[in-house]
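Note sheet for the following structure.
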Amino acid sequence: MGGLRIAEVIPPIDLGAAEIAVRALLVALGQDPDSDHLRETPRRVATAYAEFLTPQAFELTTFPNDEGYEELVIARDIPLQSLCEHHMLPFHGVAHVGYLPDQRIVGLSKLARVVDRFARGLQVQERLTTQVADWLQLNLRPKGVGVVIESEHQCMTLRGVRAHDSRTITSALQGHLRDDATARLEFFALTRR
Ligand SMILES: [Zn+2]
């Protein structure tokens with residue numbers, strides 16, 4: 001068994017300062033933060049954002065691929081939520097993460113942890129997709145990695161053009177899944193709804 005601890009970059013969050021800033025935002029938006037309804041809002045908002053932005057530490061536990069398993073391993077429909085860096089509004093959906101094993105295999109729940117690790121922060125979906133793929137390629141060293149993310153952005157569905165039910169799909173491929181057309185097709189066939 002091998003363990004690899006993800007180097008954490010925890011942002012220095014100042015909850016008190018965030019609370020004051022949310023209060024100021026409410027005032028700027030013509031709201032009364034001293035009303036009964038809003039009194040606790042600055043604290044709640046600050047806490048919620050701190051949670052969105054704080055990655056959870058975990059260990060990537062890997063095992064030797066003793067059986068010599070050579071086919072695709074895919075974790076589908078991993079729930080995902082993140083914050084769009086352009087509007088600080090949530091986007092949420094699912095990630096499908098697959099890899100072609102080489103020397104090591106990994107517990108499937110850990111693939112979900114990797115997605116969550118990079119989702120906690122101000123993100124754009126394209127970068128999030130690439131970060132998950134690159135990180136797995138670098139740390140698990142499989143023959144290939146594929147990541148597909150499908151999500152709904154509230155900045156798109158709730159405001160602006162109000163494109164209800166519009167989903168954004170991104171993908172990132174590494175190694176054999178990128179270079180080999182057959183492997184790539186198989187990966188996309190298995191991740192399609
Ligand atoms: Zn946005």
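Quick note: the coordinates plus some simple rules give every number you see, no bench work behind them. Every value quoted in this text rests on a predicted model; they were computed, and no experiment measured them. Virtual Cβ from ideal backbone geometry, glycine too; neighbours counted across all protein chains shown.
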| message | Only one of ARG23, ARG43, ARG39 is over 29 Å from ARG117 (Cβ atoms) and surrounded by 14 or more Cβ atoms within 10 Å (Cβ to Cβ). Can you tell me which? | response | ARG23
| request: Would you kindly identify the strands (runs of 3 or more DSSP E) lying entirely within segment 54-151 that contain at least 2 residues that are away from the ligand (no atom under 16 Å from the Cβ) and under 24 Å from THR182 (Cα atoms)? | output: 73-84, 90-100, 104-106
| task | State whether one or more residues within segment 84-95 are of a type in the set (Gly, Ala, Ser), within 16 Å of the chain's Cα centre (by Cα) and under 21 Å from LEU173 (Cβ atoms). | result | yes
| Does ALA48 satisfy the criteria of being aliphatic (A, V, I, L, M), crowded, with 18+ Cβ neighbours inside 10 Å and either away from the ligand (no atom under 16 Å from the Cβ) or more than 22 Å from THR170 (Cβ to Cβ) (or both)? | no
| task | Taking ARG141 as the residue in question, decide whether it is more than 17 Å from the chain's Cα centre (by Cα) and surrounded by 14 or more Cβ atoms within 10 Å (Cβ to Cβ). | result | yes
